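Structure record follows, encoded as C-alpha cells.
No value in this document is a laboratory result; all are computed from the given coordinates. As the structure is a prediction and not an experimental result, all values here were calculated from the model. With ideal geometry, Cβ positions are generated from the backbone for all residues, glycine too; neighbour counts draw on all protein chains shown.
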Amino acid sequence: MRLLRIIPDNTQFSFMRFRRVSFPFSALLSIVTILLFFGLSLNYGIDFKGGTLIELQAKSGKADVGALRHAANAFNVGDVEVQEFGNTGGLSLRFPLQAGGEVGQQAVVQKARDAFQSDYEFRRVETVGPRVSGELVQSGTVGIILAVLGVLIYLWFRFEMEFAIGAVIATLHDLVLTIGFFAITRIEFNMTSMAAILTIVGYSLNDTVVVFDRIRELLRRYKSMPTEQLLDLSINSTLSRTVMTSVTTLLSLIALVIFGGEAIKGFALAMLFGVVVGTYSSIFIAAPVLIYLGVRVGSESPEFGGGKVPQPAE
C-alpha cells in the first residue's frame with residue numbers, strides 16, 4: 001500500500017499563508033472569466049440555440065470539408081457551421097432555425113440528404129425548435145440555482161451559516177471558472193455541459209464537506225490553537241484522501257477523453273478542468289475564507305450552537 005501512497009501521512013504544509021495569494025489570484029481569474037463570457041459568449045449548441053444538427057460519416061476516405069461547406073451554403077438557409085471531428089471522415093453540420101417551424105427544419109434535412117447521402121452516411125439528425133431551446137435554457141439555469149441554494153441550506157443545518165457561505169463561495173468560484181473554460185476553449189455548450197457543471201458542483205462540495213467536517217472535529221478538540229494553525233491541520237489531515245480521490249477521478253476522465261469518442265469528449269474535458277479547480281478551491285478558497293467569515297477557535301462552536309468549545313478529554 002505504501003507504493004500507492006501519493007501524499008505521505010502527517011504532512012505539515014502551511015496552506016493558510018497562501019490565502020493572500022490565492023484570493024487575489026482567484027478573484028482576478030473570475031473577473032477575466034466574466035469579461036470573456038460577455039465578450040466571447042459561449043459556443044452554444046443546438047440545445048440552446050435551436051436549429052438542426054446533422055452528423056455525417058464519409059463512406060470512403062476523408063471528408064472534403066471545403067466542398068461540403070460550399071454545397072451546404074448553396075442551400076441559402078443562413079450561416080451553416082461545418083466542423084470536422086475525429087480522424088476518420090466525421091463531419092457535423094449545424095443549420096440555424098428556419099422560418100416555418102418544423103416544416104422548415106425538415107426541408108433543410110431533406111436538402112442535406114439529397115445532396116450528401118451518396119457520399120456520406122447520416123449518423124445523427126437532431127432538430128430543436130425555439131420553444132424547446134428556450135425551455136432548456138430556463139430549466140438548466142433553474143437547476144444550477146437550486147443546486148447552489150440546496151448546498152447553502154444543507155450546510156447551514158449541517159454546520160453553521162459561516163461554513164455554508166464558505167462552501168457556496170467556493171462552489172460559485174468553480175462554476176465561474178468552468179464557464180470561463182467553455183468560453184476560452186469554444187467547446188460546444190449544451191445540455192451535456194450543464195450535466196458536467198452540476199457534477200462539478202457535487203464533486204467540489206464533497207471535497208469541501210470532508211475538510212469542513214475535520215475542522216469541526218478539531219474545533220471540539222483544541223481550544224487554544226490559533227485558527228490558521230487549526231485550519232492547516234485540518235487540511236493536512238485530509239490531504240491524502242483529497243489527492244487520492246482527485247487522481248483516481250482524473251485517470252478515469254483522461255481515459256474518457258482519449259477513448260470515449262466525440263459524443264462525451266466535451267463532458268470529459270469539462271470534468272477534468274472541474275476536478276482540478278474543485279480540489280484547488282476546497283483547499284485554498286473554502287477553508288481560508290472561514291477566517292474572514294469570523295470562525296475562531298474558542299469562540300462559537302459550529303456544532304453546539306453558540307456554546308463554548310469543550311476542552312479535550314484528558
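Based on the Kirkwood approach, the hydrodynamic radius assigned to the stretch 22-165 is 18.4 Å, with every pair of different Cα atoms included. Projected label points at Asp114 and Ile264, each 7 Å from Cα along the beta carbon direction, are separated by 3.9 nanometres. Report the normalised scattering of the chain as log10 I(q)/I(0) at q = 0.07 Å⁻¹, calculated by the Debye formula with identical scatterers on the alpha carbons. Cα-only, vacuum Debye calculation for the chain: -0.39. Hydrodynamic estimate: the Kirkwood radius of the stretch 101-235 over Cα pairs, inserted into Stokes-Einstein at 25 °C and 0.890 mPa s, corresponds to D of 131 µm²/s.
Computed over the alpha-carbon atoms, the stretch 51-128 gives an Rg to Rh ratio of 0.94, Rh here being the Kirkwood radius from the mean inverse distance. Counting neighbouring Cβ atoms within 10 Å and putting the fewest first, the residues Arg20, Arg214, Arg220 line up as Arg20, Arg220, Arg214.
Overall size of the stretch 162-251 from C-alpha positions, given as principal axis extents largest first: 52, 29, 18 Å.
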